[in-house]
1. Taking residue 80 as the residue in question, decide whether it is at pLDDT 95 or above, of a type outside the set (Val, Ile, Thr) and over 15 Å from residue 7 (Cα atoms).
2. Looking at the structure I just gave you, is residue 175 under 28 Å from residue 63 (Cβ atoms), modelled with pLDDT of 60 or more and either among the β-branched types (Val, Ile, Thr) or assigned to a helix (DSSP H, G or I) (or both)?
3. Looking at residue 105, is it surrounded by 14 or more Cβ atoms within 10 Å (Cβ to Cβ), in contact (Cβ under 8 Å) with a residue 60 or more places away in the chain, of a type in the set (S, T, N, Q) and in contact with a strand residue (DSSP E or B) (Cβ under 6 Å, 6 or more places away or on another chain)?
4. Which numbered condition trips up residue 125, out of (1) in a helix (DSSP H, G or I); (2) of a type outside the set (Gly, Ala, Ser); (3) modelled with pLDDT under 80?
5. If residue 73 satisfies all but one of (1) farther than 21 Å from residue 130 by Cβ; (2) in contact with a helix residue (DSSP H, G or I) (Cβ under 8 Å, 6 or more places away or on another chain); (3) of a type outside the set (Ser, Thr, Tyr); (4) modelled with pLDDT of 95 or more, what's the number of the condition it fails?
6. Does any residue of region 33-53 turn out to be modelled with pLDDT under 95 and in contact with a Lys or Arg (Cβ under 9 Å, 6 or more places away or on another chain)?
Amino acid sequence: MLWGTLLWIVVGLGNPGPEYEVSRHNVGFRVVDTLADRAGVALTRCRYRSLFARGSIHGAQVLLVKPLTFMNESGFSVSRWQQALRLDPGRIIVVHDDLDLPPSQLRIRVSGGHGGHRGIRSVIEAIGSSDFLRVKVGIGRPQDGQDAVTHVLGPFEECDGGVMEAAIQRAADAVEAVLQEGLGTAMNRYNVRGARQTRMA
């Protein structure tokens with residue numbers, strides 16, 4: 001299947017199901033939902049074990065994708081879409097949570113390893129390349145005595161809720177900047193320290 005003018009795949013990583021909807025691990029889903037709302041489309045169609053919608057963002061034709069395979073097998077959906085649309089890995093943007101960034105801080109990165117993130121590892125293994133774009137949304141490290149799994153699968157603290165909602169909006173802005181203005185401009189604007197981002201919000 002080819003959609004001739006399609007230029008980008010934007011994938012949000014997360015886990016399906018209402019019990020995970022507001023978890024830290026699902027910020028990727030929430031960013032893609034935000035992009036869908038802005039584009040006036042709904043992720044209601046299902047293919048390759050994912051929800052998807054096609055839309056236009058600042059003139060760029062984009063496929064928005066939310067894998068339904070659970071985080072550890074996210075690469076299945078990404079690889080199937082990439083093969084179907086015959087896109088270079090450099091035309092794939094993956095949005096995901098990051099433990100190593102403070103809550104709300106963003107980082108745009110091209111290629112590299114998975115950094116222990118199982119969803120990213122699955123994508124790298126499935127498409128056979130690490131040369132895709134990542135928009136990372138910081139969720140911070142767990143508190144002393146709390147394991148990482150409990151942390152990522154838990155909801156944001158009440159005091160962090162507003163900060164993270166703003167971060168989700170900024171992450172959607174960052175994806176739009178990549179599509180509209182290019183990678184270099186987007187990285188210069190969003191790869192900054194959290195304090196500066198807070199002032200920008």
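1. The answer is yes for residue 80.
2. Spelling it out, residue 175 is indeed under 28 Å from residue 63 (Cβ atoms), modelled with pLDDT of 60 or more and either among the β-branched types (Val, Ile, Thr) or assigned to a helix (DSSP H, G or I) (or both).
3. yes
4. Just one mismatch for residue 125, condition (3).
5. Of everything listed in (1) farther than 21 Å from residue 130 by Cβ; (2) in contact with a helix residue (DSSP H, G or I) (Cβ under 8 Å, 6 or more places away or on another chain); (3) of a type outside the set (Ser, Thr, Tyr); (4) modelled with pLDDT of 95 or more, residue 73 misses just condition (1).
6. No, region 33-53 has no match at all.
The values are calculated or read from the model by the stated rules, or taken from the named source; none is laboratory data. Because the structure is predicted, anything quoted here is derived from the model rather than measured. Ideal geometry is used to build each Cβ from the backbone, glycine not excepted, and the neighbour counts take in all protein chains shown.
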